[in-house]
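The block underneath contains the structure these notes are about, expressed in structure tokens.
The values are calculated or read from the model by the stated rules, or taken from the named source; none is laboratory data. Predicted model, so just to flag it, every value in this text is computed and none were measured. Positions of Cβ are generated from backbone atoms using ideal geometry, with glycine treated the same way; all protein chains shown enter the neighbour counts. Note: areas computed on protein heavy atoms with side chains; ligands, DNA, RNA excluded. Shrake-Rupley method; radii C 1.70, N 1.55, O 1.52, S 1.80 Å.
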Amino acid sequence: MTFQFEAKLPRKLPEALTVYALDKPKVSNASLLDLAKKFGLTGQGKDFISSSDSLGYLEGRWGLEVNRVSGAISYTHLDRYGIETEKAFDLSDARADGVARKFLDRAALFKSGTMKLRRVTHMHGASADLESRKVTEKLLDAGVVYGRLVDDQPVDGPGGFSMVHIDPAAEVVGLRSIWRPLGKRLGKVKIKPPEAAMEGLRKRAEKFRGDTTVVKATFGYFELGPIDSQTSIEPVYAFVYIVRDGEVAMKSAYLAHAGDKTFGTLLGKRRFIPGAQRARRQ
Amino acid sequence: MAKIGVEWINDFPPPCDQNELSYCDETSVGFLNGMVSRGHTAQFNWGNGNAFERDFRDPAFGGDDTNWVDAVDFAHFSSHGSTNASNVFSGFFGGKVDNCTWTSDKARFGNRELEYLCIDACNSLELSRDIIATWQNSFHGLRMILAFTDLVSDSWWTGGRGYNFARRAGNGGRLTNAWLDECYSFWCDDNPVTMAAGRTQSDAVNRRDNERLGGGFGDIPRAEVSWFAWRWRS
């Protein structure tokens with residue numbers, strides 16, 4: 001059994017950071033229409049789709065949906081997003097970034113200086129026939145990922161990003177964003193050195209069979225995914241690790257508060273309770 | 001309305017011992033809840049020692065999938081997984097009924113009912129292997145497999161993906177878009193993949209991109225499956 005850090009935390013950490021409240025998103029027909037206008041739609045549509053967890057709006061061939069809990073946005077062209085076309089995607093990453101930035105700037109979704117390009121991802125399509133097995137592969141889009149910054153610190157986690165989808169015609173055909181509104185200051189925390197967090201992870205790894213490798217180690221704020229409620233945003237140490245045990249491997253994450261005071265838990269309750277199971281007859 | 005079945009394993013006691021997982025119930029039961037919230041019907045929800053390997057094995061190999069996984073329209077499996085150099089996928093169980101692992105070479109799906117199979121497990125549509133060799137013999141009316149290449153995270157923070165996918169899939173959204181959007185994680189580097197069968201190249205690509213639950217595509221008899229198309233984000 002081995003335990004090793006393949007990834008390293010940043011050498012320089014701030015001495016203190018501010019903890020902020022995250023405001024509950026305001027989700028209404030009016031707020032959706034405002035958002036639609038920011039994306040270049042008319043906002044004159046009448047088709048709203050309401051459910052307990054989201055509110056949607058349709059205008060022409062565009063669909064816009066906002067999650068009621070997190071405010072996560074999904075905006076897609078219903079005919080063009082995720083559909084293979086004759087033309088393969090061939091824009092450079094720099095060009096895709098340019099198209100995406102122009103779209104975000106025009107929509108003015110985020111304050112200037114609060115986002116940073118993290119990665120240009122691609123959707124790939126492939127096909128092959130059973131006889132020859134010759135694989136034809138094609139790039140279908142670019143998903144340009146911008147990470148959120150709070151006080152110049154990166155925001156990690158399943159939230160805190162915006163991904164703009166560009167199609168082969170160099171047009172925006174979708175956007176996914178989890179970016180909760182930043183609220184008032186809740187306080188300031190001194191940043192603890194990372195050793196205790198690293199030791200906590202090492203202790204967890206002692207329980208595993210096989211070799212543990214930390215493949216990602218980050219310091220920054222942390223934002224949850226689309227269906228989770230989050231009332232504050234505070235600094236954490238976040239690690240993604242892999243455990244290899246023969247032919248079977250697993251990947252998981254470990255989080256620890258980086259501040260000397262905490263404002264919320266990092267690990268939520270189980271969302272979906274499986275219910276008691278009676279032993280099944282074999 | 002579709003019939004839904006899920007099997008998930010967090011605990012792996014002897015004789016099937018593996019490292020324990022923590023959130024396979026979240027992904028599978030979340031998927032089930034999401035589908036039920038959209039009006040679909042829960043047929044079974046078997047977890048840990050109640051999840052049986054033979055539920056996935058075809059009767060041609062002595063299994064009982066006809067009464068379980070192949071008796072529903074949409075099944076979801078969450079556990080450990082791996083694909084070996086011989087292009088055989090193994091899904092791991094916590095109890096030995098009849099085996100600790102089910103293997104893709106003993107799967108024949110859709111010869112009764114199954115149309116869509118989600119495999120929330122590592123290396124389940126492993127692009128560094130030959131995914132056609134791994135899965136082609138499973139398509140007996142099965143239309144699509146939705147799975148992952150490389151490793152996929154078992155964590156609370158990403159555990160909502162089953163529910164997030166189901167609420168879109170259950171609402172008639174395009175299955176591939178829903179799977180790739182909701183299961184991709186930039187943070188954890190989770191890379192979802194979907195794979196569809198077709199009679200021709202354009203049919204396979206069309207099904208891959210446009211298949212929806214209750215959509216207009218029919219089942220393809222085994223003898224007419226000639227092409228596969230797959231899609232992923234990385």
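Spin-label pair A:Lys12-A:Arg280: with each label point 7 Å from Cα along the Cα-Cβ axis, the two points sit 5.7 nm from one another. For the pair B and A, the buried accessible area comes to roughly 6300 Å² in total, with a 1.4 Å probe and the value rounded to the nearest 100.
For the protein assembly as shown, the solvent-accessible area with a 1.4 angstrom probe is 40 square angstrom per residue.
Taking max minus min of the alpha-carbon positions on each principal axis, chain A gives extents of 60, 54, 51 Å, largest first. Bridgeable lysines around B:Lys106 (alpha carbons under 22 Å apart, same-chain partners fewer than 8 residues away excluded): B:Lys96. Checking the cross-link pairs A:Lys8/A:Lys251; A:Lys8/A:Lys116; A:Lys12/A:Lys269 against a 26 Å limit on the alpha carbon distance flags A:Lys12/A:Lys269 as lying beyond it.
Mean partner shielding of peptide A:119-126, defined as the number of other chain Cβ atoms within 10 Å of each residue Cβ, is 6. Of all the options A:Arg185, A:Arg204, A:Arg176, the one that moves most in a Gaussian network model of chain A with Cα springs shorter than 10 angstrom is A:Arg204. Here's the list of lysines a cross-link from A:Lys37 could span, going by alpha-carbon distance under 16 Å and ignoring same-chain residues fewer than 8 apart: A:Lys46, A:Lys102. Rounded to the nearest whole Hz, the Karplus-based 3J(HN,Hα) values (6.51 cos²θ - 1.76 cosθ + 1.60, θ = phi - 60°) of the range A:78-85 follow the sequence 5, 9, 10, 6, x, 10, 6, 10, with x at glycine and proline.
Length gained on full extension, A:Ile191 to A:Ser229, computed as 0.36 nm times the residue gap minus the Cα-Cα distance: 11.2 nm. Please say if the range B:49-168 is rounded, prolate or oblate, where rounded means a/c under 1.5 for a ≥ b ≥ c the square roots of the C-alpha gyration tensor eigenvalues, and otherwise the choice is prolate for a/b larger than b/c and oblate otherwise? It comes out rounded by the Cα gyration axes. With the simple spin-label model, which puts each label point 7 Å out from Cα in the Cβ direction, the A:Arg101 to B:Gln201 separation comes to 3.8 nm.
Among A:Ala258, A:Ala142, A:Ala30, the largest mean-square fluctuation in a Gaussian network model of chain A (Cα springs under 10 Å) belongs to A:Ala30. For the pair the range A:235-257 and the range A:116-147, the centres of their Cα atoms are 26 angstrom apart.
Across peptide B:124-137, the average count of Cβ atoms from other chains found within 10 Å of a residue's Cβ is 1. For the range B:70-80, 3J(HN,Hα) computed residue by residue from phi via the Karplus equation (6.51, -1.76, 1.60; θ = phi - 60°) reads 8, 9, 10, 7, 9, 10, 9, 10, 9, 5, 6 Hz, glycine and proline entered as x. For A:Ile49, the solvent-accessible surface with a 1.4 Å probe is about 90 Å², rounded to the nearest 10. For the protein assembly as shown, the Cβ-based charge dipole about the Cα centre amounts to some 1600 debye (Lys, Arg positive; Asp, Glu negative; other atoms uncharged). The string of couplings for the range B:116-125 from the Karplus curve (6.51, -1.76, 1.60, θ = phi - 60°) is 9, 10, 9, 10, 8, 8, 4, 6, 7, 10 Hz, one whole number per residue in order, with x for Gly and Pro.
Ranking of A:Glu86, A:Glu171, A:Glu223, A:Glu195 by solvent-accessible surface, largest first: A:Glu86, A:Glu195, A:Glu171, A:Glu223 (1.4 Å probe, protein heavy atoms only, all chains present). Peptide packing: for A:2-11, B:155-164, the average count of neighbouring Cβ atoms within 10 Å per residue gives the ranking B:155-164, A:2-11, highest mean first.
If you take the square roots of the eigenvalues of the alpha-carbon gyration tensor of the range B:123-163 and sort them as a ≥ b ≥ c, do you get rounded (a/c under 1.5), prolate (a/b over b/c) or oblate? Oblate, since a/c reaches 1.5 and b/c is not below a/b. DSSP finds beta bridges in chain B, and of those with both partners inside it, around 50 percent are antiparallel.
Mean partner shielding of peptide B:47-56, defined as the number of other chain Cβ atoms within 10 Å of each residue Cβ, is 2. Among A:Val155, A:Val215, A:Val144, the largest mean-square fluctuation in a Gaussian network model of chain A, built with springs joining Cα atoms closer than 10 Å, belongs to A:Val215. For chain B, just say rounded, prolate or oblate: build the C-alpha gyration tensor, square-root its eigenvalues into a ≥ b ≥ c, call rounded for a/c under 1.5, and beyond that prolate if a/b exceeds b/c, oblate if not. Judged from the Cα gyration tensor, chain B comes out rounded (a/c under 1.5). Under the combined filter of DSSP loop state and at most 12 neighbouring Cβ atoms within 10 Å, the range A:116-173 retains these trypsin sites (Lys or Arg not before Pro): A:Arg133, A:Lys134. Label separation (B:Val88 vs A:Asp260): 5.9 nm, computed from points 7 Å beyond Cα along the C-beta direction. Using only alpha carbons, the range A:24-181 has a radius of gyration to Kirkwood radius ratio (Rg to Rh) of 1.01.
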